[in-house]
Amino acid sequence: MMLHHHKPTRETSVDHVGPQAVLAHPGDTAVAVRSRIRDLQRTTWDLVCVIDPDGRLLGTLTAAELLALPDEAEISAAATRRNGPRVMPGTDQEMMASMALHHGVAAVPVVDSTDRLVGVVGPAKLMAILRREHVEDLHRLAGITRESNHAREAIEEPPMRRARHRLPWLVVGLGGSMVATFVVARFEAELAAKPALAFFVPGLVYLADAIGTQSEAVAVRGLSLSHLGLARLIGGELRTGLLVGLVLALLAFPMVWLVFGELRLAVAVTLALAGASALASVLGLLLPWLLARVGSDPAYGSGPLATIVQDVLSLLIYFACVSAIVL
């Protein structure tokens with residue numbers, strides 16, 4: 001029986017369909033299917049797909065399950081008891097691979113809107129998808145605009161090409177750093193009068209960036225797989241950021257107070273740390289979500305772009321706290 005292939009316009013499940021399916025019909029016995037596999041000398045298959053006369057998928061069996069069946073057992077009775085995952089031809093390839101991992105299966109059948117079997121995506125393809133997506137995410141998290149599917153190619157490209165792939169988001173970061181410099185310059189007089197205020201800027205900015213990076217790493221792919229609403233996700237990240245920020249603030253408070261001997265300065269630093277931590281957690285989730293909404297890959301919302309936004313806002317929070325409490 002010929003399987004029906006669709007011409008995709010982007011990388012989806014149907015792009016990876018291969019010859020991993022052994023077709024069976026409801027009346028077939030286990031011994032008949034095993035004999036057919038031997039006669040055809042099929043060595044590259046991962047699933048037995050039971051289909052009806054119209055090609056609709058009724059169920060699947062793995063090689064191990066097929067071998068465990070008694071000779072005269074009807075294949076359809078065992079196959080229909082299994083409720084494994086199946087995907088549509090337009091399902092994103094990463095979503096398909098994640099479903100396979102979630103359900104603990106090595107191969108995934110692809111069916112159309114009427115449940116007719118299109119084909120099967122086997123373990124080698126699923127592993128290749130996960131590896132390629134992993135490399136792409138690493139590159140995009142680093143702010144590289146064009147990612148190679150092969151890590152070796154990315155490191156062995158000519159320097160000029162590598163620079164061209166890395167520069168665009170860094171230029172955006174340069175513009176953002178000018179804004180951050182302007183923010184600090186606005187408080188030049190206060191910093192000159194009280195130099196201790198400048199001591200906490202690097203640590204505050206670093207911690208906010210680190211917290212934001214953690215949120216970004218979770219959000220970049222988690223957003224495409226989660227079924228929770230944005231409000232609940234943001235609420236969860238906000239509470240997480242506040243909790244992390246409060247713990248760090250409580251640890252920093254006695255050290256600042258003891259070293260500098262200024263209660264107000266210690267209070268301002270700890271409040272700024274807690275606020276910047278909460279904001280960084282939310283931004284780490286919100287920036288990838290906004291880019292996903294406009295049709296861009298969420299990973300582009302990470303790296304240099306998110307870093308500079310978090311830096312500027314962290315500085316604003318810090319100097320706001322200092323102005324209100326210390327000055």
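The values are calculated or read from the model by the stated rules, or taken from the named source; none is laboratory data. Given the structure is predicted, the values throughout are model-derived calculations rather than measurements. Glycine also receives a Cβ, built like all others from the backbone with ideal geometry; neighbour counts cover every protein chain displayed.
A few notes on this one:
- Evaluation of residue 90 against the conditions (1) surrounded by 16 or more Cβ atoms within 10 Å (Cβ to Cβ); (2) under 34 Å from the mean Cα position of the chain (by Cα) shows that the sole unmet condition is (1).
- Failed criterion for residue 77 (all others in (1) touching a residue at least 24 places away in the same chain (Cβ under 8 Å); (2) surrounded by fewer than 19 Cβ atoms within 10 Å (Cβ to Cβ); (3) closer than 23 Å to residue 55 by Cβ hold): (1)
- In the stretch 247-268, the residues that are closer than 12 Å to residue 196 by Cα reach residues that are of a type in the set (Asp, Glu) and surrounded by 12 or more Cβ atoms within 10 Å (Cβ to Cβ) with C-beta atoms within less than 8 angstrom, at least six apart or across chains, in these pairs: 256/262.
- Filter result for the condition that a residue is at pLDDT below 85 and either among the aromatic types (Phe, Trp, Tyr) or under 19 Å from residue 321 (Cα atoms) (or both), over 242, 265, 230, 250: 242
- Count of residues meeting criterion [touching a Ser or Thr at 6+ places or on another chain (Cβ under 7 Å), β-branched (Val, Ile, Thr) and either modelled with pLDDT of 80 or more or surrounded by fewer than 17 Cβ atoms within 10 Å (Cβ to Cβ) (or both)] in the stretch 1-48: 1
So that you can scan it fast, the table gives a plain yes or no per residue for (1) in contact with a helix residue (DSSP H, G or I) (Cβ under 6 Å, 6 or more places away or on another chain); (2) in a strand (DSSP E or B); (3) closer than 20 Å to residue 125 by Cβ:
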| residue | (1), (2), (3) |
| --- | --- |
| 31 | no, no, no |
| 36 | no, no, no |
| 44 | no, no, yes |
| 50 | yes, yes, no |
| 59 | yes, yes, no |
| 66 | no, no, no |
| 70 | no, no, no |
